[in-house]
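K.L.:
Sending over a structure as structure tokens; questions will come in a sec.
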Amino acid sequence: PAPHLPRMSVFHYLFPFKKYKSKHRTRFYYYPEPNLEKPSFVDGLTGRFLTRKEVEEKAKSLATGLKAKGIGREEIGCIFGMNSVEWVVACFGVQALGAIVSPANYAYQPAELLHQLKDSTASFAFVQPSLLPVFMKALEADPAVNLSDNKIFLLCDKAEKDTLKAKGGVEAEWMDRFLCLEELYEKPGTPKRFQDGMEERTAYLCYSSGTTGKGKGVETSHHNITSQVQALNCSYEPIKYKDVILAMLPFSHIYGLTVTIHHPLTVNGTVVILPRFEEIAFLEAVQKFKVTWALVVPPMLIALLHSPNVAKYDISSIRGFMSGAAPLSADLVQAFEAKFPHIKVTQGYGLTETSPVAHVMNIEESRGKGRSGKIGRLMPTYQARLVDQTAGKDVEPLDRGELWLRGPSVMKGYWRNPSATAEVFAPGGWYKTGDVATIDKEGYFSIVDRVKELIKYKGFQVPPAELEALLLTHPEVTDVGVIGVYSKEQATELPRAYVVPKGGLASLPTPESKQAFSAKIQEWAASKVSNQKRLRGGVILIDVIPKSPSGKILRKDLRAMSVKA
Ligand code: AYL
């Protein structure tokens, strides 16, 4: 283990109120002593905020309350809600207890949520009241889920709970059944300090499909997170004390979780929270709170670039955007910077499995040097290799190869899934990303292809295998293959299904009947999956799905078809 990296729990690393003693009896902080009275997390819609001290106190009170409910260390707590101040409190409450957070995407439909609840073996949960219908449906679908009423908590304050209760109906019934955060708080305790080695315990289980198949729990340890935020602080243009950071990417995704909750705490910055990206709410929040730095995905840049509303707001406070989670093209960066010269756009690359940022582009090094669109240099703490899979060795300099990563922020493995874990790790602890990259003479990487199955819609993961499995359950579908098609206008991939209808293409002789069938399948799928997984790239009918002799879908051939079309 690298001696300069913190080896402690996420909670103690982020809230170091007592000075820590090292083995050598020197006293040190990992970062400057924080200003406890500074607003740490602000609700971007209402302006309500928690100071750093309040976040810590509430988290500690919540930890005591959870313990009183019989919840112990290393139990798994699901958080199912949109970004909010309460989300942050729940997250750190679980961390103060020494339990594990498994955050779920708020867009989930019941079946998707159920998969995560079951797979993660969640034994308690925080649920935003407006998402209770989905949550309860998931629970009803499978009595095996180990969640009793006294282990389900409302992700809201007492005032919101009372308002909902007054409305009556089934909501009021739920309000009676479950406690909210405020009702859980008890006298704040002192979270147990970790002994040496305990920092390797799991802190988070975010869900990722990895290279193939359904969502798997990515076991992110305390050390994975603390070394990542330390690395972020040493990289490119780190955020600083005076920064106001806009957090609108979902906290349930590692990007939102690490980069917009954990990292800003280490510099004592102020985080303005929005439940999701929405143009007007974004512009209002930027103007009102004088936001200086925002974390985005490429489609958000497109939206702002073409928005007629931007001119109506004062967004001069913004100094930069960091884009990540999906390819950012050089054209888009250039168009954006031409329109908004005071905003620097930089890009990061990473994966849920790497906690997440592994590469980042230093903006000063990219401007006017023809490096836009590259993902930058390797972050501190990481090592990388580019490997030719078939030859089983590193590629020649400047050639393309699969990117392998190693470092203290690479996940422990997939939760209770040793075979999936073994598949993605090579001897020596190298994690195989499934992305194909090149490196130039100066050490700047570019992502040029993907060898894994994943589709990315606006930065969200869309596992093709999951959509294929779903579509095969439709009575009128014989076979199916799903790929992503890139839309330049929207700066994102769109999931597209190639479908063999029952009875073959001949059973749908006219263009109208084909179109109606495609539309039917598209709508049916939309009713079953979360928003980002909809078949926005269309449903194309074909006679056979191209497959290898062993029965694997030849996605390359499907991709070639989509280019021709
Ligand atoms: P996951 N360019 C191209 N592809 C990318 C990029 C990028 N900049 N970033 C991520 N990807 C793709 O687990 C790539 O295929 O994590 C990778 O394997 O949802 C996959 O997305 C991983 O998807 C950053 C950098 C946040 C990364 C992230 C989140 C990574 C998303 C902030 O600065």
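K.L.:
Could you say which residue among Asp331, Asp314 is of a type in the set (D, E, K, R), open to solvent by 10 Å² or more (accessible area, probe 1.4 Å) and modelled with pLDDT under 95? I'd like the intermediate steps shown before the answer.
P.N.:
Numbers: Asp314 fails: modelled with pLDDT under 95.
The match here is Asp331.
K.L.:
Okay, moving on. Inspect segment 539-561 for any residue being small (Gly, Ala, Ser), in contact with a Gly (Cβ under 9 Å, 6 or more places away or on another chain) and on the phi < 0 side of the Ramachandran plot and give the result as yes or no. First the steps, then the outcome.
P.N.:
From segment 539-561, those small (Gly, Ala, Ser) are 548, 550-551, 560; that's our starting set.
If we keep only those that are in contact with a Gly (Cβ under 9 Å, 6 or more places away or on another chain) as well, we get none.
Within segment 539-561 (the criterion being small (Gly, Ala, Ser), in contact with a Gly (Cβ under 9 Å, 6 or more places away or on another chain) and on the phi < 0 side of the Ramachandran plot), the answer is no, since none of the residues qualifies.
K.L.:
Further question on the same structure: Hey, among the residues in segment 466-484 that are open to solvent by less than 40 Å² (accessible area, probe 1.4 Å), touching a strand residue (DSSP E or B) at 6+ places or on another chain (Cβ under 8 Å) and not hydrophobic (A, V, I, L, M, F, W, C), which one's nearest to the ligand (Cβ to nearest atom)?
P.N.:
Checking each candidate, the answer is Gly484.
K.L.:
How many residues are of a type in the set (Asp, Glu) and near the ligand (Cβ under 10 Å from one of its atoms) if we restrict to segment 421-465? Talk me through it step by step, then tell me what you get.
P.N.:
Initially, segment 421-465 is screened for residues of a type in the set (Asp, Glu), giving 423, 435, 440, 442, 449, 453.
Narrowing the set further to residues that are near the ligand (Cβ under 10 Å from one of its atoms) leaves 435, 449.
Of the residues in that region, 2 qualify.
K.L.:
Scan segment 111-131 residue by residue and report those that are open to solvent by 30 Å² or more (accessible area, probe 1.4 Å), in a helix (DSSP H, G or I) and farther than 21 Å from Glu182 by Cβ.
P.N.:
If the condition is that a residue be open to solvent by 30 Å² or more (accessible area, probe 1.4 Å), in a helix (DSSP H, G or I) and farther than 21 Å from Glu182 by Cβ, then Ala111, His115, Lys118, Asp119 are the ones that fit.
K.L.:
Let me ask something else. How many of the residues in segment 334-372 are in a loop (DSSP other than H, G, I, E, B) and in contact (Cβ under 8 Å) with a residue 60 or more places away in the chain? Spell out the reasoning first.
P.N.:
First, the residues of segment 334-372 that are in a loop (DSSP other than H, G, I, E, B): 340-343, 351, 355-356, 361-362, 367-372.
Narrowing further to those that are in contact (Cβ under 8 Å) with a residue 60 or more places away in the chain: 351, 355-356, 361-362, 371.
Residues meeting the conditions: 6.
K.L.:
While we're here: Within segment 406-423, track down each residue that is open to solvent by 20 Å² or more (accessible area, probe 1.4 Å) and under 18 Å from Gln116 (Cα atoms). Walk me through how you get there before you give the answer.
P.N.:
Quick first cut of segment 406-423, residues open to solvent by 20 Å² or more (accessible area, probe 1.4 Å) only: 406-408, 412, 415-419, 421-423.
Across segment 406-423, the qualifying residues are Trp415, Arg416, Asn417, Pro418, Thr421.
Conditions tested, residue by residue: (1) within 9 Å of the ligand (Cβ to nearest atom); (2) more than 26 Å from Gly217 (Cα to Cα); (3) modelled with pLDDT under 95.
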| residue | (1), (2), (3) |
| --- | --- |
| Ala285 | no, yes, no |
| Val291 | no, yes, no |
| Val310 | no, yes, no |
| Ala325 | yes, no, yes |
| His342 | no, yes, yes |
| Leu351 | yes, no, no |
| Arg367 | no, yes, yes |
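K.L.:
Could you list all residues from segment 498-535 that are within 25 Å of Pro250 (Cα to Cα), touching a helix residue (DSSP H, G or I) at 6+ places or on another chain (Cβ under 6 Å) and hydrophobic (A, V, I, L, M, F, W, C)?
P.N.:
Leu535, the sole residue that qualifies.
K.L.:
Output yes when any residue across segment 522-531 is under 30 Å from Phe336 (Cα atoms) and in a helix (DSSP H, G or I), and no when none is.
P.N.:
The answer is yes, given that some residue of segment 522-531 is under 30 Å from Phe336 (Cα atoms) and in a helix (DSSP H, G or I).
K.L.:
For residues in segment 271-283 being surrounded by 21 or more Cβ atoms within 10 Å (Cβ to Cβ) and more than 16 Å from the ligand (Cβ to nearest atom), which is farthest from Lys456 (Cα to Cα)? Quick ask: steps written out before the conclusion?
P.N.:
So the first thing to find is which residues in segment 271-283 are surrounded by 21 or more Cβ atoms within 10 Å (Cβ to Cβ), and the list is 271-274, 282.
Then keep just the ones that are more than 16 Å from the ligand (Cβ to nearest atom); that gives 272-274, 282.
Values: Val272: 26, Ile273: 24, Leu274: 22, Phe282: 23 Å.
My answer is Val272.
K.L.:
Specify the residue that is nearest to the ligand (Cβ to nearest atom); the eligible residues are those in segment 227-252 that are outside any loop (DSSP other than H, G, I, E, B) and within 18 Å of Leu405 (Cα to Cα).
P.N.:
Let us first name the residues in segment 227-252 that are outside any loop (DSSP other than H, G, I, E, B), namely 227-233, 244-247.
Filter again for within 18 Å of Leu405 (Cα to Cα), leaving 227-232.
Numbers: Ser227: 16, Gln228: 10, Val229: 13, Gln230: 15, Ala231: 11, Leu232: 9 Å.
Here the answer is Leu232.
K.L.:
Let me ask something else about it. Please count how many residues of segment 53-80 are modelled with pLDDT of 95 or more and basic (Lys, Arg).
P.N.:
Here the count works out to 4.
K.L.:
Answer yes or no as to whether Pro298 is open to solvent by less than 10 Å² (accessible area, probe 1.4 Å) and away from the ligand (no atom under 13 Å from the Cβ). Working first, answer last.
P.N.:
Details: open to solvent by less than 10 Å² (accessible area, probe 1.4 Å): yes; away from the ligand (no atom under 13 Å from the Cβ): no.
No; evaluated as a whole, the condition is false for this residue.
K.L.:
For Leu205, work out the one condition from (1) among the aliphatic types (A, V, I, L, M); (2) at pLDDT 95 or above; (3) in a helix (DSSP H, G or I) it doesn't fulfil.
P.N.:
Single failed check for Leu205: (3).
K.L.:
Kindly evaluate Pro495 against the criterion of being closer than 25 Å to Ile254 by Cβ, modelled with pLDDT of 95 or more and not in a helix (DSSP H, G or I). Talk me through it step by step, then tell me what you get.
P.N.:
Details: closer than 25 Å to Ile254 by Cβ: yes; modelled with pLDDT of 95 or more: yes; not in a helix (DSSP H, G or I): yes.
When the stated conditions are applied, Pro495 passes them.
K.L.:
Only one of these is assigned to a loop (DSSP other than H, G, I, E, B), closer than 23 Å to Ala330 by Cα, open to solvent by 30 Å² or more (accessible area, probe 1.4 Å) and modelled with pLDDT under 95: Glu453, Glu442. Name it.
P.N.:
On the way: Glu453 fails: closer than 23 Å to Ala330 by Cα.
From the options Glu453, Glu442, the qualifying one is Glu442.
K.L.:
Can we say Ala358 is within 13 Å of the ligand (Cβ to nearest atom), surrounded by fewer than 22 Cβ atoms within 10 Å (Cβ to Cβ) and under 25 Å from Leu405 (Cα atoms)?
P.N.:
Numbers: within 13 Å of the ligand (Cβ to nearest atom): yes; surrounded by fewer than 22 Cβ atoms within 10 Å (Cβ to Cβ): no; under 25 Å from Leu405 (Cα atoms): yes.
For Ala358, the condition - within 13 Å of the ligand (Cβ to nearest atom), surrounded by fewer than 22 Cβ atoms within 10 Å (Cβ to Cβ) and under 25 Å from Leu405 (Cα atoms) - is not met.
K.L.:
Let me ask something additional. Is it the case that Pro103 is modelled with pLDDT of 95 or more, crowded, with 16+ Cβ neighbours inside 10 Å and touching a strand residue (DSSP E or B) at 6+ places or on another chain (Cβ under 8 Å)? Before the answer, list the steps.
P.N.:
Numbers: modelled with pLDDT of 95 or more: yes; crowded, with 16+ Cβ neighbours inside 10 Å: yes; touching a strand residue (DSSP E or B) at 6+ places or on another chain (Cβ under 8 Å): yes.
Criteria met by Pro103.
K.L.:
Still on this structure, I have one more. Tell me whether segment 373-394 contains one or more residues that are within 11 Å of the ligand (Cβ to nearest atom), of a type in the set (A, V, I, L, M) and either part of a helix (DSSP H, G or I) or out of contact with any helix residue (DSSP H, G or I) (no Cβ under 9 Å at 6 or more places or on another chain) (or both). Walk me through it before giving the result.
P.N.:
Taking segment 373-394 and keeping what is within 11 Å of the ligand (Cβ to nearest atom), we get 373-376, 379.
Then keep just the ones that are of a type in the set (A, V, I, L, M); that gives 375, 379.
Checking the rest, the ones that are also either part of a helix (DSSP H, G or I) or out of contact with any helix residue (DSSP H, G or I) (no Cβ under 9 Å at 6 or more places or on another chain) (or both) come to 375.
Checked segment 373-394: at least one residue is within 11 Å of the ligand (Cβ to nearest atom), of a type in the set (A, V, I, L, M) and either part of a helix (DSSP H, G or I) or out of contact with any helix residue (DSSP H, G or I) (no Cβ under 9 Å at 6 or more places or on another chain) (or both).
The values are calculated or read from the model by the stated rules, or taken from the named source; none is laboratory data. Note that the coordinates shown come from a computational prediction; the quantities given were computed from them, not determined experimentally. Note that each Cβ is placed from the backbone with ideal geometry, even for glycine, and that neighbours are counted across all protein chains shown. Only protein heavy atoms, including side chains, enter the accessible area calculation; ligands, DNA and RNA are left aside. Shrake-Rupley method; radii C 1.70, N 1.55, O 1.52, S 1.80 Å.
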